[in-house]
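Below is one structure, written out as structure tokens; the observations come after it.
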């Protein structure tokens, strides 16, 4: 059974069920709601028997979204396509700029031709997707922890945060933030 987490691409940019996945999960907290005000998830299936098994578990265990949270997700989904496409266009432009920046060591973004999985990302993305890369990217700042801290603290439009899912552009450094307590050899 193939289960795909499609949170970062969203249903706007990629449809894993059409590509052969059995189950697709989305964090409704992220793009789909889009306003940082819901915690929830969604599951899509390609097999009615899986739906029936999951439904029985759902009604017996109570794993459902509240009516108000469902309404908030529906509200956010109305602008999903606009937000995701713009985030993807922005991410591509930022990734291109970072690739040329002498302070950046490496950019990891599947929408860039330099990414080792670029052709796979383009093939799997919906045709109207600009880059196949989505709205999330990673990069390495040259230098040590101090250089990274300096980079993060110098940003004016991008906010330091540990999650995505709102209308803000966010950045994080796991090694300096939530992974800081993990020993380096384990990280």
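Miscellaneous remarks
- Of the criteria (1) outside any helix (DSSP H, G or I); (2) at pLDDT 95 or above; (3) closer than 30 Å to residue 140 by Cα, which one residue 17 fails: (3)
- Single unsatisfied condition, residue 28 versus (1) within 27 Å of residue 110 (Cα to Cα); (2) buried (at least 20 other Cβ atoms within 10 Å of the Cβ); (3) out of contact with any strand residue (DSSP E or B) (no Cβ under 7 Å at 6 or more places or on another chain): (3)
- Pick from segment 1-14, criterion over 12 Å from the mean Cα position of the chain (by Cα) and surrounded by fewer than 18 Cβ atoms within 10 Å (Cβ to Cβ), ranking: farthest from residue 165 (Cα to Cα): 1
- Breaking point among (1) modelled with pLDDT under 95; (2) not in a loop (DSSP other than H, G, I, E, B), for residue 25: (1)
- From the list 10, 36, 88, the lone residue that is under 29 Å from residue 112 (Cβ atoms), in the same structural domain as residue 111 (by TED's automatic domain parsing) and modelled with pLDDT under 95 is 88.
- Taking segment 79-187 and the helices (runs of 4 or more DSSP H) fully enclosed by it, the elements with 2 or more residues that are under 20 Å from the mean Cα position of the chain (by Cα) are at 80-100, 118-124.
The values are calculated or read from the model by the stated rules, or taken from the named source; none is laboratory data. Because the structure is predicted, anything quoted here is derived from the model rather than measured. As a convention, Cβ positions derive from the backbone with ideal geometry for all residues, glycine included, and neighbour counts pool all protein chains shown.
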